[in-house]
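The values are calculated or read from the model by the stated rules, or taken from the named source; none is laboratory data. Please read all numbers here as calculations on a predicted model, not as lab measurements. All Cβ positions, even for glycine, are placed from backbone atoms using ideal geometry, and neighbour counts span all protein chains on display.
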Amino acid sequence: MDSLTWVIFDIMGTIAFAISGAMVAIHRRMDIFGIIVLASLTAVGGGMVRDVLAGITPPVALCNVTDFMLAIVTAIIVSLAYSFWPYAAPNKAFMLWLYNMFDTVGLAAFTITGMLTGLACHAGNPYVLPVLLGVITAVGGGILRDLMANRMPAVLYKDIYATASLVGAVFACLLQTVADTVTMAWVCFVLVIGLRFGALHYGWHLFHPRSSERKYDN
C-alpha cells in the first residue's frame with residue numbers, strides 16, 4: 001500500500017468529515033463538547049470499524065492521536081467561525097452547500113483509505129474486502145453521527161450516497177492490475193465526487209418502493 005497516498009486521503013477525509021459532523025451538531029444546537037464529540041465520531045468512527053474488520057487492533061485512531069487532534073481542532077474552528085460569521089445562520093442554502101461539499105469530500109477520501117487498507121490485507125477475493133472496507137469507512141462515521149444526532153442515517157434513504165462509494169471502490173479495484181496506486185486512488189476520488197454531486201444537482205435517487213394511491217368510490 002502506498003502509505004503517502006493513504007495518509008493524504010486520510011487527512012483530507014478526517015478534516016472534511018469533522019466539518020460535516022460539527023455542522024450537524026451546531027444545527028442540533030449542541031454545546032462545544034457535543035460538537036467536538038460529534039465531529040470526532042464522524043471523522044474516526046468509520047475508520048475504527050474498518051480497522052476492526054481488517055484485524056488491525058487496536059484501531060489506528062487509538063494508537064495515533066493525529067486524527068483525533070485534527071477532528072478536535074477542526075470542530076473548534078468551525079464553532080468559532082459559525083459564532084463570529086454574521087451570515088452563517090440566515091444563509092441556510094449556502095450552509096447546506098458547504099455541508100454537502102465537505103460530506104462528499106469525506107465520502108470520497110475515506111472510500112479510498114478503506115479500499116487501500118483492504119488491498120493491503122491480501123486476503124481472499126481481491127474485490128470483496130477492499131470494496132466492503134471502502135464503503136464501511138466512507139459511511140460508518142456518518143451513520144454514527146446521524147444516530148447520535150437523533151436522525152435517520154442519510155445513507156439509508158438519501159440521494160445517491162453509499163452507492164457512489166460502492167461504484168468508486170469497485171471501479172478502482174478493477175484498475176488495480178493496469179494502474180498504479182496513486183492513479184487508482186484519484187480515479188476513485190473523482191468518480192465518487194462526480195456521482196455524489198451529480199445526484200445532488202440532478203436529483204438522482206435509488207428506487208423507492210411506494211404503494212400506488214388509488215381512490216375508490218363508495
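Structural remarks
- Subset of the stretch 97-126 [part of a loop (DSSP other than H, G, I, E, B) and in contact with a Leu (Cβ under 8 Å, 6 or more places away or on another chain)]: 123, 126
- Candidate set from the stretch 181-218 (those that are at pLDDT 90 or above and of a type outside the set (A, V, I, L, M, F, W, C)); member that is farthest from residue 160 (Cα to Cα): 183
- In the stretch 167-204, of all residues being part of a helix (DSSP H, G or I) and of a type in the set (Phe, Trp, Tyr), the one that is farthest from the chain's Cα centre (by Cα) corresponds to 202.
- Per the listing 131, 135, the residue uniquely β-branched (Val, Ile, Thr), farther than 17 Å from residue 3 by Cα, more than 10 Å from the chain's Cα centre (by Cα) and surrounded by 18 or more Cβ atoms within 10 Å (Cβ to Cβ) is 131.
- Failed item, numbered, when residue 205 is tested on (1) in contact with a Ser or Thr (Cβ under 7 Å, 6 or more places away or on another chain); (2) exposed (fewer than 15 other Cβ atoms within 10 Å of the Cβ); (3) not acidic (Asp, Glu): (1)
- At least 1 residues being at pLDDT 95 or above and within 19 Å of the chain's Cα centre (by Cα) is the threshold, and among the helices (runs of 4 or more DSSP H) wholly inside the stretch 1-89 those reaching it are 3-27, 32-53, 66-84.
- Here residue 55 meets each of (1) surrounded by 13 or more Cβ atoms within 10 Å (Cβ to Cβ); (2) touching a residue at least 12 places away in the same chain (Cβ under 8 Å) with one exception, condition (1).
- Residue count, the stretch 153-166 (criterion: touching a helix residue (DSSP H, G or I) at 6+ places or on another chain (Cβ under 7 Å) and either part of a loop (DSSP other than H, G, I, E, B) or surrounded by fewer than 19 Cβ atoms within 10 Å (Cβ to Cβ) (or both)): 6
- Lone qualifier among 49, 7, 60 - being under 27 Å from residue 126 (Cβ atoms) and either charged (D, E, K, R) or touching a residue at least 40 places away in the same chain (Cβ under 8 Å) (or both): 49
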